[in-house]
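The values are calculated or read from the model by the stated rules, or taken from the named source; none is laboratory data. These numbers were taken from a predicted model, which means no experiment stands behind them. Reconstructed Cβ throughout: ideal geometry from the backbone, glycine too, with neighbour counts over all protein chains shown. Quick note on the areas: whole protein, heavy atoms, side chains included, nothing else; ligands and nucleic acids left out. Shrake-Rupley method; radii C 1.70, N 1.55, O 1.52, S 1.80 Å.
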Amino acid sequence: MSEAVDIVHSLDARYYTDPEVFRIEQQGLLAKTWQFAGHSSQLEKRGDYFAFEVGGQNLFCVRGRDDEIRAFYNVCQHRAHELVAGSGNARSIVCPYHAWTYELTGQLKAGPNIRAVPGFDKEKVCLSSVLIEDFCGFLFVNLDPGAAPMDEWFPEAREQLSAFVPDIERLKPLEWVEIQENCNWKVSIENYSECYHCQLNHPTFATGVVKPETYDIQPRGYCLRHTTECQNLDQMSYPIDLEANEHAGDYSSWFLWPMFSFQVYPGNVLNTYHWRALDEEHVVVWRGWYSINGVDSEVVRRLAVQDRATTVEEDIHLVESVQRGLKNRGYRPGPLVLDPNHGVRSEHSLKYLQSWIREAIDG
């Protein structure tokens, strides 16, 4: 008599379609996890700043006179006007409403007629700061002041990434591709986090970039690590030099829960995914491509075009179909294909991913 095995089923549709679930994520998950803010090359000079949004909150990063990069909530401590928009350079942060002026450290410097107020102590007024980390040149913030460091969330990812991209600290963004997807952000991330569908749906990726039969995904902390070998050189869709370094012939990806992934194509070409959830049925995915010092690269440009025309376009149709299907009354969460040997035809990565989703929504 065979031993009974617990079959793991996918999540109920409500996790992807219910506006209340999205509200819970905005107030909880997105406010207590490490979220991508931007690249350190956007803040090369003292006084450089840029604004961005995380979990419905408006924030900004700025490089101080001491060269330290800080992040703050983008709101004046006087009457709540937003302080900056877009990007730029400033000697100090001046509120457009009443000209309250802050040092680049966030400390209040001056304000019209504040000296006339008995007992006013400007030393007690400071912008509300946000945790920020520089992760191999990529800036991440966490709205939870007690959050553990990124190296605890994503063990060994920093060291591994640096090994696969030896010049990562010299990289700058070369090209950004914005992709609109009419689906829940988790549908898009689940699609990214398994290659069970790759051979059927991504012929260029599966025959011209990687060897699917060597593909595997393993969890490490809150990181899903994808690994595989490059395709045979005579089938590669772009040229690579296998002798360039130890990992020139490898593909690897580090998905950092919940909304960012570093992806290294064979030839040590770094690209990134950044998901920005708009509501329960819409997400924007930013695909970043990088080169040393931002110098133009024909290989990187060609890869960006190829990726957008093939894998990205193919995935858009897949995830949007799934989102429609999740609203179909005939859908019942099906069993995940969990191969004990893992590999490309297993969905074991989704088992971990969906456990993180349940943890974030249900506690």
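General observations
- Residue match in region 317-324 (condition: surrounded by 16 or more Cβ atoms within 10 Å (Cβ to Cβ), over 17 Å from Q180 (Cα atoms) and hydrophobic (A, V, I, L, M, F, W, C)): no
- Within region 199-216, if we keep just the residues that are in contact with a strand residue (DSSP E or B) (Cβ under 8 Å, 6 or more places away or on another chain) and of a type outside the set (V, I, T), the residue that is farthest from M259 (Cα to Cα) turns out to be K211.
For every residue, the table says whether it meets (1) at pLDDT below 90; (2) in a helix (DSSP H, G or I); (3) within 14 Å of E194 (Cβ to Cβ).
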residue: A304; (1), (2), (3): no, yes, no
residue: R308; (1), (2), (3): no, yes, no
residue: I316; (1), (2), (3): no, yes, no
residue: G325; (1), (2), (3): no, yes, no
residue: N328; (1), (2), (3): no, no, no
residue: H342; (1), (2), (3): yes, no, yes
residue: K351; (1), (2), (3): no, yes, yes
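- The condition (being on the phi > 0 side of the Ramachandran plot, modelled with pLDDT of 95 or more and out of contact with any His (no Cβ under 9 Å at 6 or more places or on another chain)) is satisfied by just one residue among E156, E133: E156.
- Applying the criterion of being assigned to a strand (DSSP E or B) and charged (D, E, K, R) to the residues of region 161-207, the residue that is surrounded by the fewest Cβ atoms within 10 Å (Cβ to Cβ) is E178.
- Residue in region 40-61 that is among the aliphatic types (A, V, I, L, M), touching a Ser or Thr at 6+ places or on another chain (Cβ under 8 Å) and farther than 30 Å from S321 by Cβ present: yes
- In region 88-126, the qualifying residues are those that are among the basic types (K, R) and loosely packed, with under 12 Cβ neighbours inside 10 Å, and the one that is nearest to Y49 (Cα to Cα) is R91.
- Among the residues listed as V21, V62, V75, the single one being on the phi < 0 side of the Ramachandran plot, assigned to a loop (DSSP other than H, G, I, E, B) and among the hydrophobic types (A, V, I, L, M, F, W, C): V75
- Index of the failed condition, Q218 passing every other in (1) within 25 Å of P340 (Cβ to Cβ); (2) open to solvent by less than 10 Å² (accessible area, probe 1.4 Å): (2)
- Residue in region 236-249 that is at pLDDT below 90, surrounded by fewer than 20 Cβ atoms within 10 Å (Cβ to Cβ), farther than 23 Å from H348 by Cα and in contact with a Lys or Arg (Cβ under 9 Å, 6 or more places away or on another chain) present: yes
- Scanning region 24-39 for any residue that is crowded, with 17+ Cβ neighbours inside 10 Å, of a type in the set (D, E, K, R), on the phi < 0 side of the Ramachandran plot and part of a strand (DSSP E or B) turns up nothing.
- Going through (1) modelled with pLDDT of 95 or more; (2) open to solvent by 20 Å² or more (accessible area, probe 1.4 Å) one by one, A4 falls short only on (1).
- Strands (runs of 3 or more DSSP E) wholly inside region 102-143 containing at least 1 residues that are under 20 Å from G38 (Cβ atoms): 129-135, 138-142
- In the set (1) open to solvent by less than 70 Å² (accessible area, probe 1.4 Å); (2) among the charged types (D, E, K, R); (3) part of a helix (DSSP H, G or I), E213 fails one condition alone, (1).
- Against the test of being in contact with a Pro (Cβ under 9 Å, 6 or more places away or on another chain) and either of a type in the set (A, V, I, L, M, F, W, C) or modelled with pLDDT under 95 (or both), the options I357, I292 yield a single qualifying residue, I357.
- Only listed residue being of a type in the set (A, V, I, L, M, F, W, C), within 26 Å of F138 (Cβ to Cβ) and open to solvent by 50 Å² or more (accessible area, probe 1.4 Å), chosen from A85, A80: A85
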